[in-house]
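Please read the structure below before turning to the comments.
The values are calculated or read from the model by the stated rules, or taken from the named source; none is laboratory data. Source: prediction; values computed, not measured. Here the Cβ positions follow ideal geometry from the backbone for every residue, glycine too, while neighbour counts run over all protein chains shown. Remember, those area values only see protein heavy atoms, side chains included, never the ligands or the DNA or RNA. Shrake-Rupley method; radii C 1.70, N 1.55, O 1.52, S 1.80 Å.
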Amino acid sequence: MATTTTIEPGKRRRKPPLFSWIKGISQVLFTVLVTMVGLLFVTFIIGRVMPIDPVLSIVGESATNDVYEAAYRELGLDKPLFMQFLIFLGDVFRGDFGESLLTARPVSEDLIRVFPATLELATVGTIIGVLLGVPLGVIAAVKQGSWIDHLARVVALIGYSMPVFWIGLIGLLVFYGMLGWVGGPGRLDIFYVDVVPSVTGMILVDSLLAGDMVVFKNAVSHIILPAGLLAYYSLAYISRMTRSFMLEQLDQEYITTARVKGLSENAVIWRHALGNVKVPLITVIALSYAGLLEGSVLTETIFAWPGIGLYITTALLSADMNAVLGGTVVVGLVFVCLNIFSDLLYKIFDPRAK
Amino acid sequence: MSTLLEVRNLSVKFPTRSGMFEAVRDISFSLGKERLGIVGESGSGKSITGRSILRLIRPPGILKADRIDLQGTDLLTLSEKQMRDIRGHKISMIMQDPKFSLNPVMRIGEQICEAYRLHNKASKSQARQKTLDMLDAVMIRDPLRVFKAYPHEMSGGMAQRVMIAMMLIPDPQILIADEPTSALDVTVQKEVLEIMDKLVRERGMGLIFISHDLNVVSAFCDRVLIMYAGRIVETCPADKLHEAKHPYTQGLLNSLPQLEKPVDRLEVLQRDEAWRSAPSIDSIVNTQAKQ
Amino acid sequence: MSSTPSTTKNTQVQSWREWLNSDTPTSRRQAKLSAWYRAWLALRSNPMAMFGLLILAALVFIALFAPVLAPHDPFEQNLAARLTPPGEGGYILGSDSLGRDILSRLMYGSRITLYIVALVALMAPIVGLLVGTAAGYIGGWLDVVLMRLTDIFLAFPRLVLALAFVSALGAGIENAVLAIVLTAWPPYARIARAETLTIRGADYIHAIKLQGAGTMRVITRHIWPLCISSLIIRVTLDMAGIILTAAGLGFLGLGAQPPSPEWGAMISAGRKFILDHWWVATMPGLAIFTVSLAFNLLGDGLRDVLDPKKNTK
């Protein structure tokens, strides 16, 4: 005799939702805070052990002792290290990174100016990388051992082995120097610079907003090579990870269930398996995006792309410490934020994480 | 009793590093509107047999048979596309562990609706209503809540009922149940079995019940096949199981503890190499005409 | 008669092979050796991995015998023959802007590459091992502090951090190595900690502790040896990344200083001439690519062999 039973779905004890929500948020905030302060501390220490005298770089070599002393005190260098760190912390939280020696402007202003260029480059790179990398990884997993699987493997291995600054140079040589298919270094040809008003700082978006297709086309011809290069690196990583996630999922029993139901192989792969791969893949894409934001240091140098990477390296080579520290903090901050963002997405997409 | 399914000389092989592994070797059997049990130890080929009927042996596995006949259609001659219309629609299967056999990131309702709409032309709201009815039929108390739930929010027994609902909603004629209760708590095993049994009877379906549990099989089935090393070594009516003649079946029976006849020491099954090489027993019950 | 020695030799080889292939090892040493032997056999059947190994063997050979193999002095300038295209005037891969032979510079440069890779591959896993096992075994607040620290370093973009370190410490090979180590250790610490956590609860660790072994002894004698194999796999996979980071630092002028023939710095020097004299920057890039590809191929093969999870598939 079958009887109706009293088993309830989800035997777990439920906490009040508000309480667990507040707890979750405060935990995240605490982690972020500790990581950020740690990050700032490391940056601070790097700034202090620099073999460059920050006073000298302000007052100049020929300053008298009195002037030197005054500047020394003004910078707070006579205070104990811990106090100096607290002052540094306070400045950073007010968004004050000091003045850049190179541009003679506040570092924060410089950063706001250069960051959109990097964001534009990394975003275009990631979009191309995901659009190509995910399908490549899925097909490689489904057709394990086929020519496309081998192709995906070779593509990834080459991506992992190629120095970005070298292949960037070769790309410029071939596609710009020899074939003339793409624009050269920089974001625009010189006579298009400052034609469209800067709204977002991303020229692709700004030119579209202004409806100026000529500038847009020129911007595309300039971004396509560096972004394509970054896209290749993100494709190599994303396709590899997608493949291994897919292989893991295709072995699961619910895949057999889906086949037993009579679903087509396409529905099994793209709806059921990829639906489960989506969750860990978000983290991978976020990581790769963060990697492109920072990894663009070398790419930006090669392509004279006026983004944050180029800003930091130029500042480094001319001992512009405020600019270096400010840039490092911002890049680190973006990194941390992306991590939190992917954590949040994870919680949204994976019903088990709730 | 008419024959629903007839399998003739089925073999399944898997290539391994040390040569071909023959999981199923030349077995033949038939299924009517009855409950057929397939019993054997792990590795005897019983699950592979179940999956072969649905042609779910993935390469590099090799499936060979003279015929797999579903009411006059030889499944082996169908294209993969035609086969998809058989799966779920005509023959369905319930797997061992509902924890792994439900898609963890899809809502229960979505998964059942998907199965229904695949084989029936129905609007979303029709499918939804049908799904809620089906959940009710497998004795789920609060179908609406379960409809919106995710698999991890279910207990094992609940999840297996969901599985039954999902597999029966397109109204198949044959259900293959591959150890449907082995992963469940002992307390809910019986309930799940009863629900399944009731639905199968009501709908006049054929059931292939794969299990290693002799007691369950003899209680729930009409007829039993005993498999060993990829072959059928014995076949008998379920209620005559205790009179089985084959030494392997006897060995299996003797290795079970019995309340009525307690023994100090349970027998250990002694295997005979000869069982492995002996030919498979033909288990086709032909009701139309004797050959 | 004359064939006798070779037959005995053959049977000796045969019995060695049998001993190594035995399913029933009689000693722990035999079990270990036969496991290595089987891993080697599996690796040998992977042509890509063997190709990688071959390139690396060639690289080591070239580095060792650079003075003998190099056709020119890598530092000798010949302004009359500057920017000679490949194959002309006895410069197989051409000459650079100061008329130095690129091939010879590449050969000497392989020493720098190997030096950096070896140092980082030794130091980073050791730092990670120390931090990870201490955090995992001792636990408590030490675990919290060390893992937070690891997270902070992980949160930093690697190249930017390395850049900042090098600029703080001053440019040079040793400082580049230190900077790479400082950015490379956190993943090893994570791996070592995870391994330690699984080992820590094992019965044999309890048994050793009951026998009176102290924390230091348990960590150094019983936990470290078990962490090493997973660290080795990870380090082989990381080698290419190390080479690329080192070359990147060299390219930015923060690694080896001129006139040292470091490959990244050579690309940087050739950058100015890329449009008219492509070979100056192309050749060292090919060298970096070949070597990191070799490391990747070998690492991939090693992972397939040593990772039991993948082996069963």
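For a quick check of your reading: which strands (runs of 3 or more DSSP E) sit entirely within the stretch B:29-97 and have at least 1 residues that are open to solvent by 60 Å² or more (accessible area, probe 1.4 Å)?
B:62-64, B:67-70
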Q: Output the residues belonging to the stretch C:192-207 that are surrounded by 16 or more Cβ atoms within 10 Å (Cβ to Cβ) and without any contact (Cβ under 8 Å) to a residue 60 or more places away in the chain.
A: C:ILE199, C:ILE205
Q. How many residues are away from every other protein chain (no Cβ under 12 Å), open to solvent by less than 10 Å² (accessible area, probe 1.4 Å) and in contact with a Leu (Cβ under 7 Å, 6 or more places away or on another chain) if we restrict to the stretch A:125-168?
A. 5
Q. Which numbered condition trips up A:PRO135, out of (1) at pLDDT 90 or above; (2) more than 29 Å from A:GLY291 (Cβ to Cβ)?
A. (2)
Q) How many residues are open to solvent by less than 70 Å² (accessible area, probe 1.4 Å), assigned to a helix (DSSP H, G or I) and more than 18 Å from B:ARG223 (Cβ to Cβ) if we restrict to the stretch B:235-257? A) 2
**Q.** helices (runs of 4 or more DSSP H) completely within the stretch C:14-94 that count 2 or more residues being within 23 Å of C:PRO284 (Cα to Cα)
**A.** C:47-64, C:66-69
**Q.** C:ALA265, sole failed condition from (1) touching a residue at least 60 places away in the same chain (Cβ under 8 Å); (2) in a helix (DSSP H, G or I); (3) more than 9 Å from chain A (Cβ to nearest Cβ)
**A.** (1)
Q.
Can you confirm whether A:THR314 is touching a strand residue (DSSP E or B) at 6+ places or on another chain (Cβ under 9 Å) and at pLDDT 85 or above?
A. no
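Looking only at the stretch C:272-281, which residues are open to solvent by less than 20 Å² (accessible area, probe 1.4 Å) and free of Cβ contacts under 8 Å to residues at least 60 places away in the same chain?
Correct list: C:ILE274, C:ALA281.
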Q: Can you confirm whether the stretch B:184-194 contains a residue that is of a type in the set (Val, Ile, Thr), assigned to a helix (DSSP H, G or I) and in contact (Cβ under 8 Å) with a residue 60 or more places away in the chain?
A: no
**Q.** Which listed residue is surrounded by 21 or more Cβ atoms within 10 Å (Cβ to Cβ) and more than 9 Å from chain C (Cβ to nearest Cβ), from A:VAL268, A:VAL284
**A.** A:VAL284
**Q.** Wholly within the stretch A:210-327, helices (runs of 4 or more DSSP H) carrying at least 2 residues that are of a type in the set (Gly, Ala, Ser)
**A.** A:213-250, A:274-303, A:308-317
Q) Quick one: which of A:TYR160, A:TYR192 is hydroxyl-bearing (Ser, Thr, Tyr) and closer than 23 Å to C:LEU293 by Cα? A) A:TYR160
Q. Does C:ALA118 satisfy the criteria of being surrounded by fewer than 21 Cβ atoms within 10 Å (Cβ to Cβ), more than 14 Å from every other protein chain (Cβ to nearest Cβ) and out of contact with any helix residue (DSSP H, G or I) (no Cβ under 8 Å at 6 or more places or on another chain)?
A. yes
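Each row is one residue, and each column tells you yes or no for (1) under 25 Å from A:GLY332 (Cα atoms); (2) within 14 Å of chain A (Cβ to nearest Cβ); (3) without any contact (Cβ under 8 Å) to a residue 12 or more places away in the chain; (4) of a type outside the set (D, E, K, R).
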position	(1), (2), (3), (4)
C:VAL166	yes, yes, no, yes
C:GLY170	yes, yes, yes, yes
C:VAL181	yes, no, no, yes
C:PRO187	yes, yes, no, yes
C:ARG190	yes, no, no, no
Q) Mind checking which residues of the stretch C:284-308 are surrounded by 23 or more Cβ atoms within 10 Å (Cβ to Cβ) and under 24 Å from C:PRO85 (Cα atoms)? A) C:PRO284, C:GLY285, C:ALA287, C:ILE288, C:VAL291
**Q.** Subset of the stretch C:232-251 [surrounded by fewer than 24 Cβ atoms within 10 Å (Cβ to Cβ) and touching a Leu at 6+ places or on another chain (Cβ under 7 Å)]
**A.** C:ILE233, C:THR236
(Q) Within the stretch C:144-167, does at least one residue satisfy the condition of being buried (at least 24 other Cβ atoms within 10 Å of the Cβ) and over 26 Å from A:GLY327 (Cβ atoms)? (A) no
Q: For B:PRO172, work out the one condition from (1) under 23 Å from B:GLN250 (Cβ atoms); (2) surrounded by fewer than 24 Cβ atoms within 10 Å (Cβ to Cβ) it doesn't fulfil.
A: (1)
Q) What is the number of the single condition among (1) closer than 25 Å to C:MET50 by Cβ; (2) at pLDDT 90 or above; (3) more than 19 Å from the chain's Cα centre (by Cα) that C:ASN311 does not meet? A) (2)
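Listed here are the residues, each with its yes/no results for (1) in contact (Cβ under 8 Å) with a residue 12 or more places away in the chain; (2) buried (at least 22 other Cβ atoms within 10 Å of the Cβ); (3) more than 12 Å from every other protein chain (Cβ to nearest Cβ).
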site	(1), (2), (3)
A:ASN218	yes, no, yes
A:SER221	yes, no, yes
A:ILE224	yes, no, yes
A:GLY228	yes, no, yes
A:GLU253	no, no, no
A:VAL260	no, yes, no
Q | Residue check for C:THR198: out of contact with any Phe, Trp or Tyr (no Cβ under 8 Å at 6 or more places or on another chain) and not basic (Lys, Arg) | A | yes
Q. Can you tell which of B:SER92, B:SER52, B:SER125, B:SER79 is within 14 Å of chain A (Cβ to nearest Cβ) and closer than 30 Å to A:ARG352 by Cα?
A. B:SER92
Q. What pairs come up if the first residue lies in the stretch C:29-52 and is under 18 Å from C:ALA294 (Cβ atoms) and open to solvent by 40 Å² or more (accessible area, probe 1.4 Å), the second is small (Gly, Ala, Ser) and modelled with pLDDT of 80 or more, and their beta carbons are under 8 Å apart, counting only those six or more places apart or on different chains?
A. C:MET48/C:GLY301; C:MET50/C:GLY301; C:PHE51/C:ALA294
Q) Of the residues that sit in the stretch B:195-234 and are part of a helix (DSSP H, G or I) and of a type in the set (Asp, Glu), which one is nearest to B:GLU273 (Cα to Cα)? A) B:ASP197
